[in-house]
Each structure stands twice: as structure tokens, then as C-alpha cells.
Amino acid sequence: MGNIVIVRVGIGLEVSVEDNDLLSRVGEICEFIGPNLARQMDRASRADGLGYYPALEYFEERESIDKDLLASAQHLYEIVGDIVKAEVTQRLRPAFSNVICEHIQSVALTLPRVRPGQPDAIELLSRHLTPDRYRLELMVSNIVRQQQIEGVDTQSRHKVERWLKDHFAEVRVSSARLL
């Protein structure tokens, strides 16, 4: 009979919140932020002669975007991030002996994969800036027998997908590694 051990697995994932769920939790501001920020970012990027749209952080030091709109967006990303973090940890707690969210980031705060020259650039940028997609880094623990350690990372990946798929519009696990 093998020893029982606690195996920790690092999980990287991206989740998308359902539009209806987002509206019911934070209201219509989530529909307002993306398009308004996108228009201002487009105008500012073109005025600066950039051939790309920088991450929102670029505009924090410049006067080209309404500071109140930018502050509201960042506050909204934080609020929705807290909701996502709580939902993920609550949903995964029954599947693992321990769940810790080590990092969460709104995809809206990353460099957009949109260029100003694209025909639908403002619409795509608006979608990027909507607070519905988050990247998380989790540390989950499994209690297993010593001889069952092999494959725990793959099992943990599948558990995360299975336990979250009914609660988010999309769940994509990008990595699972033994710690």
C-alpha cells in the first residue's frame, strides 16, 4: 500500500463570462466601456502615428483618453475579475483539496491583436476591451497515492475544464504542470 501525498498542480487558463451573466452582475456599463474606449484609443493611436493599438497602460500617462473613462474601465475590470476569481474558486473547491488563485488579469489589459488598418478594427478593439475574458493562474492540490502521481497534471486539467464548462461561455486551459 502506497503513501498518500498531496500533489500541487499549476493551472493556467482563460475563461469568458457569458454576456447575460455579465449584464446581470455589473449592468450596462460593460456594454458602454468597450465601444467608447475603442473609439478614443483609435483616435489617439492614429494621432500618435502608431501602426498598432497599445495596451491600455500606454494611455495612463497621456492626455489622449478621457481619464474618468479609463479609471472606470480599470475599476470595472477589477470588479469583474473579483467575481470571476470567486466563481472559479467556488466551482473548483469540491474537485480539489485546495484551490488558490495566484494571479488574474483581464484580457482587456493586454496588447490587442487588432491593427488600425483592419476594416473592422474599432469593432474588434471594442470586443477586446469588453470585460468578459480573464486569464488565471491557479494552484490546485490533489490527495493521491504515491504510485498515482503520474498523470495528475492531465487529470487536473480535465477536472478544471469539466467543473467550469457549465458556468462560463468558454474555458480554455493553456497549461497544467506539477509543482
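Read-outs throughout are calculated quantities, based only on the coordinates presented, and are distinct from any laboratory measurement. Because the structure is predicted, anything quoted here is derived from the model rather than measured. A quick note on method: Cβ atoms are made from the backbone with ideal geometry, for glycine too, and the neighbour counts reach across all protein chains shown.
Per the Cauchy relation, a quarter of the hull surface: what is the mean projected area of the convex hull of the alpha carbons in segment 50-179, in nm²?
Working: hull surface 39.2 nm².
Spelled out: convex hull of the Cα atoms, projected over all directions, averaged, 9.8 nm².
Which GluC sites (Glu not before Pro) in segment 132-179 pass both tests, a DSSP loop state and at most 14 other beta-carbon atoms within 10 Å? Display every interim value, and only then the final one.
On the way: sites: Glu137, Glu150, Glu161, Glu170; in loops: Glu150.
Filter output for segment 132-179: Glu150.
By per-residue mean of other Cβ atoms within 10 Å, what is the highest-first order of 98-105, 7-14? Walk me through the intermediate numbers first.
Working: 98-105: 14.6, 7-14: 19.4.
Put in order of decreasing packing, that is 7-14, 98-105.
Plugging the Kirkwood radius over Cα pairs into Stokes-Einstein for segment 33-94, at a temperature of 20 °C and a viscosity of 1.002 mPa s, what D comes out in µm²/s? Don't jump to the answer; show the numbers that get you there.
Numbers: Rh = 13.3 Å.
In µm²/s, the coefficient is 162.
Would any residue of segment 109-133 have its amide N under 16 Å from a label point 7 Å out along Cα→Cβ of Ile79? List them or say none.
Label zone hits: 130-133.
For Arg162 paired with Phe32, estimate the spin-label separation in nm (one decimal), with each label point 7 Å from Cα along the Cα-to-Cβ line.
4.3
Between segment 30-58 and segment 79-95, what's the alpha-carbon centroid distance in Å?
Answer, in whole Å: 30.
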